[in-house]
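Below you'll find the structure, written out as structure tokens, and then a few comments.
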Amino acid sequence: MSVVRLRGGLVAAVVAGAALALAAQQPAAPADDDVQSVEAHARPQLAAPGTPITISGHAALDAKVHQVKIVVTLPDRTTQELSAAADDTNGDFSASFNKTNAIGEYKVTVLSPSGKEHGDTQFTIGAAASVIQELVAEHEALGAAANEAADTVDTLIGSLPASPPKEEFEEGVASLKKELAKWKDESARFKQALQSLKDTAAVSHGFGAIVYTDVFAPLGDWQVESRELRGKVREQLNRSKAAGMKCDSIDHAVEGLKALSLILGLISKPASMIYTVLNLSANKIASIEPDPDKRTLIARTIKSLPPLAAAPPTLSAKGLDQSGNGVDPKLASTGFVNAAMGWITDLTRLAMQRMFTKYCEKFAGPIEASMEGEYLKNGAAWWKWHQKLRGKLTLRYAKDESAGKVVHVSGEFVGNAVDAGIWDNALASINPKLASMAQFFKRTILPKVEDLGEKALQNQGAVVNAFAPTGFNIPVNGDLIDTKLTMRVQPATVDLSDVSVKVLYFAVSPLFLGTVRGNYQINLMKAHHIVTAALHDDPVLLDVVVDRKGGAITIDRDFTGTRGSKTGKAYATYALSMHLTNPPLQ
């Protein structure tokens with residue numbers, strides 16, 4: 001781990017020194033860059049007037065009553081205040097702010113229970129027309145990203161030598177591109193639906209409350225998610241375009257298809273949000289709109305919504321107009337997304353089962369890596385942490401090279417952090433007298449880690465892995481000579497995006513007036529460091545075992561390594577295990 005932000009004098013400074021002693025490869029940020037005792041977020045960041053905004057985060061529990069105060073400064077510089085209960089164990093809070101009719105920038109300040117600490121955020125309320133423009137622009141950008149992914153896949157496969165599987169694949173990609181060409185019409189229908197809902201919401205405030213709460217608010221979150229995913233997809237496509245070996249090209253083409261399926265999922269996601277209004281019953285409409293003419297307008301608006309891709313299969317359409325006849329529940333999807341998804345499934349299967357076996361072979365299988373570290377004083381640990389990684393290692397090589405003496409191998413470690421934790425007794429170690437006379441409050445904020453699992457990597461691809469803050473992708477290359485494989489680890493292309501552990505502490509003692517507050521933030525160690533420290537040697541020599549009877553070829557190996565010294569300031573142990581087979585186990 002490496003200290004990136006620290007505050008609070010002695011404890012933070014000692015943690016900084018120990019961390020840097022063990023992980024000098026990552027420099028610390030300036031010491032005056034505070035770790036916030038209060039973090040605040042507002043979602044969505046951009047919304048139309050009337051849209052409720054969720055203000056959430058976490059705060060230091062620095063008073064007996066765990067209640068945070070939220071102050072919202074409106075565009076006219078007046079303020080609104082609300083409060084929210086902070087969770088008794090972790091300080092998490094959440095509140096909804098509804099007074100969002102004025103257009104402009106809203107500034108939010110969240111005060112800790114004591115009122116001494118604060119965190120800030122902001123959001124913007126724009127004219128409904130400008131919000132629609134932003135949402136439609138994002139929808140169109142997804143369509144462009146889908147086409148770029150398809151073009152990248154086409155280029156990667158086009159670099160391979162001619163063969164019947166390649167010809168079949170290229171014909172399938174051409175059909176896929178025909179379906180993707182329909183995204184512009186889909187974006188136009190998306191815009192039409194939003195415009196229709198906006199116009200009716202302007203007439204009926206009751207209907208507007210539902211539209212902005214159930215449609216525009218989640219669409220704002222969708223926009224944020226979509227932008228982030230598009231960035232990750234672009235990074236993945238750029239890496240794929242750089243694939244130099246033909247076996248890498250095939251696997252990268254498969255990754256491109258998986259990225260495309262994620263894009264199509266986001267293109268179709270707004271349909272489920274827009275179509276929530278289809279479930280409005282006549283009684284519900286009557287309860288939100290007393291004017292009969294406006295109720296008729298609402299029913300007409302709902303009935304005229306255009307069909308969107310991947311519409312929900314079943315929706316209640318009863319009582320949507322005064323006649324009781326109901327409206328079309330939009331079961332007739334445009335078919336654009338479903339047809340494209342069908343081609344992606346077929347092409348992925350073709351690439352993995354026929355094309356790869358035509359040109360290439362590979363070793364693949366699960367890996368696990370871990371690290372356990374401790375900071376020491378006089379041989380006793382005062383700060384410990386652990387990390388665990390899980391994923392897979394793939395090593396590919398071309399069949400036409402296997403007849404030669406030296407076979408070039410390329411591949412990557414792909415996975416994510418699945419566990420992280422810390423323990424510390426810093427105050428007692430640094431100042432035992434103070435610790436014996438002080439009441440010490442501490443809160444540790446661990447990063448959210450999720451085990452994506454090998455199946456998720458196989459089904460959803462490297463983009464999902466890169467999308468996770470704890471994901472990693474570490475390329476490798478090497479040479480296979482008979483039953484000896486020499487593997488060299490390359491710099492990571494994706495590696496734990498500044499995922500950190502935060503520690504907030506407060507001490508109360510008769511030795512000083514008031515309280516002493518401090519905090520520090522430490523990044524998780526990069527996966528590349530854990531992997532290379534466990535492997536110890538570079539290059540690494542792996543034994544390839546051939547089962548003459550069963551035909552399977554395996555690479556099984558357990559590695560251990562250490563850094564630092566138990567008689568020094570810091571010490572860590574590392575472990576990595578791999579179980580690779582050729583052909584890979586499904």
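None of the figures in this text is laboratory data; all of them are computed from the coordinates on show. Every value quoted in this text rests on a predicted model; they were computed, and no experiment measured them. Glycine gets a Cβ as well: all are built from the backbone with ideal geometry, and neighbour counts include every protein chain shown.
Can you give me the three principal axis dimensions of the range 220-264 from its C-alpha atoms, in Å, biggest first?
The principal-axis extents, from largest down, are 41, 16, 7 Å.
With viscosity set to 1.567 mPa s at 4 °C, what whole-number translational diffusion coefficient in µm²/s follows for the range 148-226 from Stokes-Einstein and a Kirkwood radius over Cα pairs?
In µm²/s, the coefficient rounds to 81.
Can you give the relative contact order of the range 128-334 as a percent, counting alpha carbon pairs under 8 Å and 6+ residues apart?
26 percent
For residue 502, go through the lysines and keep the ones whose alpha-carbon is under 20 Å away, minus same-chain ones fewer than eight residues off.
Cα-Cα hits under 20 Å: 116, 384, 388, 442, 448, 526.
Run down the aspartates and glutamates and flag those whose C-alpha is under 17 Å from the C-alpha of residue 377, throwing out any fewer than 8 positions away in its chain.
Within reach: 424.
What is the fewest-to-most order of 540, 153 by other Cβ atoms lying within 10 Å of their Cβ?
Exposure proxy ranking, most exposed first: 540, 153.
With N residues in the range 539-580, what two-decimal value do you get for its Cα radius of gyration over 2.2 N^0.38 Å?
Expressed relative to 2.2 N^0.38 Å, the Cα Rg reads 1.78.
List 336, 216, 97 from most exposed to least, where exposure is judged by having the fewest other Cβ atoms within 10 Å.
With the sparsest Cβ surroundings first, the list reads 97, 336, 216.
When every alpha-carbon pair in the range 128-334 is counted, what percent end up more than 22 Å apart?
55 percent
Counting other beta carbons within 10 Å of each Cβ, put 263, 285, 481 in order, fewest first.
481, 285, 263
Tell me, what are the semi-axes, in whole angstrom and largest first, of the equivalent ellipsoid of the range 49-125 as set by the roots of 5 times the Cα gyration tensor eigenvalues?
24, 12, 9
Relative contact order for the range 49-125 using alpha-carbon pairs under 8 Å, separation at least 6, rounded to a whole percent?
Normalised by residue count, the contact order of the range 49-125 is 38 percent.
Treating the beta-carbon of each Lys and Arg as +1 and of each Asp and Glu as -1, no other charges, what is the dipole magnitude of the range 49-125 about its Cα centre, to the nearest 20 debye?
Roughly 220 debye, rounded to the nearest 20.
Using all alpha carbons of the range 60-175, what is the percent of pairwise distances in each 10 Å bin, ordered from the shortest bin to the longest?
Binned Cα distances yield the sequence 11, 24, 17, 14, 13, 14, 7, 0.
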